[in-house]
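Here the structure is laid out as structure tokens; the discussion comes afterwards.
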């Protein structure tokens, strides 16, 4: 077993019989035995291994209640700081010299195909995987040298984790509240809070097995939020969700970012990333190709700004007039009433081109910069158009 029985016994809330895959829990003087299948055991060991082997530090406040501290290191610049990270699996290099900085309150979207190195990076950040070399800090703490401090401020939601179907929603949350080593006095309030934040209050008495896929994902997010992490790492949280559930998840993440939490998220649903991410990074074959806001990344992969000119009616000399303007390149006629061109000038110079067209009586209907969406950016990068 990857997680020793003694480690679970330290939690004081349940005991594991590794031979029969059962655990028992004391509640109101009763002992309850619940069967844990191998899939659930794998989830528990991976999740518990992440935080529970270093339970949250607690102390006694003046009121006698336990208080839990989740603080970042003073003087840190970024919530996530990665420098020259490399991850090898034998002869295979999954992550090549990755450098990345993510600030407080950002929602950073990690984009890339399967095998690009996203999950390996996430596991290093969550202290579940030792990097081959490189410096990685979360909240100012080194993940290799200060895992206990990292665990206290980090919430990790892996890809496709199972939900134990024979537990009720509140029991599932109670299990992880205890496993995280959080103060018992805060249990009810914290569970109520995370269920409310993820819109699961009305489902608190429902069996986990009765939940839809979207609700299970929300429950896993609720579990991740129990210890009020300052940094959230979410690996494909929208995978398999219907459009309504994806919208709800997006709104929840926006609220968390507004509270000052940093969110690092991966997804194959590129349009979703564009809707709420403040920045994105495209990873391909373990290498970070481009990073920045959508606008910044678009500028990186284009030689200039592509301006779209739409006309009320065809005008034969428009293309010639545009070609004579300083700084204008690659003038293309898209239709009889639509043209485009590349331009490296600023907004004032761009406005000057529009003024020149109007002076020459060109019937301009609209004049705007073409905006690339995330799918356009990803396709251009994945074709090798960015080195």
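Figures for the structure shown
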read-out	value
Some residue of the stretch 289-305 being within 30 Å of residue 211 (Cα to Cα), in contact with a strand residue (DSSP E or B) (Cβ under 6 Å, 6 or more places away or on another chain), crowded, with 16+ Cβ neighbours inside 10 Å and at pLDDT 80 or above	no
Search result, residues across the stretch 202-228 that are assigned to a helix (DSSP H, G or I), at pLDDT 90 or above and exposed (fewer than 15 other Cβ atoms within 10 Å of the Cβ)	202, 209, 210
Residue that is assigned to a loop (DSSP other than H, G, I, E, B) and surrounded by fewer than 21 Cβ atoms within 10 Å (Cβ to Cβ), where the choices are 244, 268	268
Selection count, the stretch 182-207, where residues are more than 22 Å from residue 253 (Cβ to Cβ) and under 25 Å from the mean Cα position of the chain (by Cα)	1
So residue 333, is it more than 39 Å from the chain's Cα centre (by Cα), surrounded by fewer than 19 Cβ atoms within 10 Å (Cβ to Cβ) and assigned to a strand (DSSP E or B)	yes
Counted residues, the stretch 85-111 - those being touching a residue at least 60 places away in the same chain (Cβ under 8 Å) and on the phi > 0 side of the Ramachandran plot	2
Yes/no for residue 285 being surrounded by 14 or more Cβ atoms within 10 Å (Cβ to Cβ), on the phi > 0 side of the Ramachandran plot and in contact with a strand residue (DSSP E or B) (Cβ under 9 Å, 6 or more places away or on another chain)	yes
Filter pass, residue 186 being out of contact with any strand residue (DSSP E or B) (no Cβ under 8 Å at 6 or more places or on another chain), more than 27 Å from residue 119 (Cβ to Cβ), in contact (Cβ under 8 Å) with a residue 40 or more places away in the chain and surrounded by fewer than 21 Cβ atoms within 10 Å (Cβ to Cβ)	no
Subset of the stretch 309-325 that is assigned to a loop (DSSP other than H, G, I, E, B) and in contact (Cβ under 8 Å) with a residue 12 or more places away in the chain - its residue that is surrounded by the fewest Cβ atoms within 10 Å (Cβ to Cβ)	313
Residues located in the stretch 109-145, provided they are at pLDDT 90 or above, within 24 Å of residue 277 (Cα to Cα), assigned to a loop (DSSP other than H, G, I, E, B) and touching a strand residue (DSSP E or B) at 6+ places or on another chain (Cβ under 7 Å)	117, 126, 139
Residues that are within 13 Å of the chain's Cα centre (by Cα), farther than 16 Å from residue 78 by Cα and assigned to a helix (DSSP H, G or I), drawn from the stretch 247-265	249, 250, 252, 253, 254, 256
Enumeration of residues in the stretch 332-371 that are farther than 17 Å from residue 314 by Cα and touching a residue at least 60 places away in the same chain (Cβ under 8 Å)	368, 369, 370, 371
Residue 262, sole failed condition from (1) within 25 Å of residue 344 (Cα to Cα); (2) at pLDDT 90 or above	(1)
Failed item, numbered, when residue 237 is tested on (1) free of Cβ contacts under 8 Å to residues at least 60 places away in the same chain; (2) under 12 Å from the mean Cα position of the chain (by Cα)	(1)
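Listed here are the residues, each with its yes/no results for (1) modelled with pLDDT of 90 or more; (2) on the phi > 0 side of the Ramachandran plot; (3) not in a helix (DSSP H, G or I).
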position: 339; (1), (2), (3): yes, no, yes
position: 356; (1), (2), (3): yes, no, no
position: 365; (1), (2), (3): yes, no, yes
position: 372; (1), (2), (3): no, no, yes
position: 375; (1), (2), (3): no, no, no
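The values are calculated or read from the model by the stated rules, or taken from the named source; none is laboratory data. The shown structure was predicted, so the numbers you read here are calculated from the model rather than taken from an experiment. Cβ: placed from backbone, ideal geometry, glycine included. Neighbour counts: every protein chain shown.
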